[in-house]
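Enquirer: Okay, here's the structure, questions in a sec.
Just so it is clear, none of the values below were taken in a lab; they were calculated from the coordinates. Predicted, not measured: the structure shown is a model, and the values here were computed from it. FYI the Cβ positions are ideal-geometry reconstructions off the backbone, even for glycines, and counts take in every protein chain you see.
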Amino acid sequence: MAKQDMDMIVDETLEDAGSDSRVYELGFHLDPELPTEEVKKSYQAVRELVSGKGTVVAEGEPQKIQLSYTISRQDTSGRRDFDSAYFAWIVYETTAENHSGIISASSANKQLVRFIDLLTTKDSARHSVEMREISAKMKERVEEPEEAVSTDLDVALENVVV
């Protein structure tokens, strides 16, 4: 497999899948230096590409994250290092031919720092969405430990008898 501007993983055997529809997950990092409105537009452009060639099953809109390691990419202006990015994902169902078009367009998109496209299932995608919702609810309920200690300390100080 030839090295391209972007790192991607594609199972070559999937390209011979014929006209049967399969479910794929496209996960991608958008340039962290993009303005917020441009991030939304870039995400919508990828989503429209995918929905034009298949059916969107599930998705996760862009969220800025700190990367576990630095990603370096060479472009026309030189080398760029990325320590953060906007991460988004889209699970979609399409044919092998349309899947190839999505991969080609993703490779050509200069606003994508990196992407990965995997074979998955609808059930797995729905489970991911459910787990994300549960995780978000749990984060809402968790009280900051520093706030709890501060509140307990304030109450204890009020009850101190001198």
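Enquirer: Taking the Cα-to-Cβ direction at Asp81 and at Ile134 and moving 7 Å from each Cα, how far apart do the two end points lie in nm?
Expert: 3.9
Enquirer: Amide H of Val57: which non-local residues (sequence gap of 5 or more, or other chain) have their own amide H closer than 5 Å, using H built in the peptide plane?
Expert: Val91, Tyr92, Glu93
Enquirer: Going down the table (Lys110/Lys137; Lys40/Lys139; Lys110/Lys139), which pairs top 31 Å between alpha carbons?
Expert: Those over the limit are Lys110/Lys137; Lys110/Lys139.
Enquirer: Give, in nm to one decimal, the length gained when the segment between Asn159 and Val56 is fully stretched (0.36 nm per residue of separation minus the Cα-Cα distance). Present the calculation step by step, with values, prior to reporting the outcome.
Expert: Values: separation 103, 0.36 × 103 = 37.08 nm, distance 5.87 nm.
Fully extending the segment from Asn159 to Val56 adds 31.2 nm.
Enquirer: Extending each Cα 7 Å along its Cβ direction at Gln74 and Lys122, get the distance between those two points in nm, one decimal.
Expert: Result for the modelled spin labels: 4.4 nm.
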